[in-house]
Amino acid sequence: MTPIKIPYENLNKLNAPFKEAYKTAFENFLNTGYFILGDQLKQFESSFASYIGSPHCVGLASGLDALILGLKVLNLPKNGEVIVPANTYIASILSIIHEELIPILVDADPITQNIDPKKILEHTTSNTCAIMVVHMFGKSCDMDPIVKIAADLNIPIIEDCAQAHGAKYKGKTTGTFGKVAAFSFYPTKNLGALGDGGAITTTETELANRIRLLRNYGSEKRYYNEEVGLNSRLDELQAAFLNIKLKSLEKINHHKKQLAKRYFEGLSEKFQLPDLHPDYDDVFHIFNVRLENRDQFRAFLSEHGIGTDIHYPIPPHHQVCMQPFLKNQCFPVSEKIHETTVSLPISYFHSQQDIDQVIETANRFFK
């Protein structure tokens, strides 16, 4: 078996530039003796809110918790319907189900691979209570028509920004379009922690305060519980690591954009590449290409020492756990994306020489 020379991801190499700063941060954290809801978390919440351009950020235990709490504080009616893209990662849909709401899947746009705004109204009813947009792969959704639809229906937008730290649409940063926006800091994200972590950004002080209450057992004052809450606090140590990496997020995003530029210039036209448009400033959390014989292509790259991944191999409505909720549904564009997509290496630790080798090998597949 050929050893992988260019892995899809390597978290050790990804975090190598930050290791010494991480060690110092850990020592400082340990010496404070204050491990939960401390100064590192407050600093990160303030810094990340400023980066996104939102007045409030609340750190949470995971991206899924951020989606769940984001829905919860909107006080949506039980069994209300929430529009969500059919090709999203399953966490988006899980959050809707956990809040006893009904996910209404909408097919993707074949070009952007994000939710197709033209199809949203086809799925709205008198029970539609919210739209959850998911900025897939580091590209913003087409927000102008979605914002108009939400305004016309007088319903909130929830943004799933798990893959889009710093992405922009017409100069406006993702995480500032919705009533609430959920972020994940899973280790492979452009802004990744060394474990799980998440956050919500919002423009509304009342919502931010309630999320802070809910993340801490529904308690503002210790041992006094006002609501039935959760334990979903962004860990103080992870906040310390994120404070370090946040300072380099623009550098990380720029590096990935440069690697993507290499792919756009060098990959064969036989691949279906991500869409490029001046309205969108993509951050390329994932660089996916599409081709019919995807599995043979992955095997070919693996034989030549190059790792890949699939985001995602199974559509949500085909998952076993989703059958009670999404049985017998069909979304042809999304299903085609899931059948043909493959993610190429584009990590912060990859060099342009790595990407050139991936390009050369990938193009040879067609010969």
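Readers should treat all values here as calculations from the given coordinates under stated rules, not as data from a laboratory. Not measured: the values here are computed from a predicted model. Every residue, glycine among them, receives a Cβ derived from its backbone with ideal geometry; neighbour counts consider all protein chains shown.
Points to keep in mind about this one:
- Net dipole in debye of the stretch 249-364 [+1 Lys, Arg Cβ; -1 Asp, Glu Cβ; about Cα centre; nearest 20]: 180
- Structural descriptor for the stretch 147-210: relative contact order 26 percent, calculated from alpha carbon pairs under 8 angstrom and at least 6 residues apart.
- Taking the stretch 249-364 and dividing mean pair separation by its residue count, relative contact order in percent (alpha carbons under 8 Å, at least six apart): 38
- Across the chain, Cα pairs under 8 Å and at least six residues apart give a relative contact order of 23 percent.
- Reduced Cα scattering model of the stretch 126-231, Debye log10 I(q)/I(0), q = 0.12, 0.16 Å⁻¹: -0.49, -0.81
- More than 17 angstrom apart: percent of Cα pairs within the stretch 249-364: 60
- Protection-proxy order for peptides 351-358, 20-27, each taking the mean of Cβ atoms within 10 Å per residue, highest first: 351-358, 20-27
- Fraction of antiparallel bridges per DSSP, the stretch 13-246 only, in percent to nearest 5: 50
- Once both labels are positioned 7 Å from their Cα atoms along Cα-to-Cβ, the gap between residue 276 and residue 42 label points is 4.6 nm.
- Ranked by the mean number of other Cβ atoms within 10 Å per residue, highest first, peptides 190-201, 96-107 order as 190-201, 96-107.
- Inter-centroid distance (Cα atoms) of the stretch 41-57 relative to the stretch 201-232, Å: 17
- As computed over the chain, the Cα convex hull volume per residue (Å³): 143
- Whole-Å distance, taken between Cα centres, linking the stretch 116-146 and the stretch 311-366: 21
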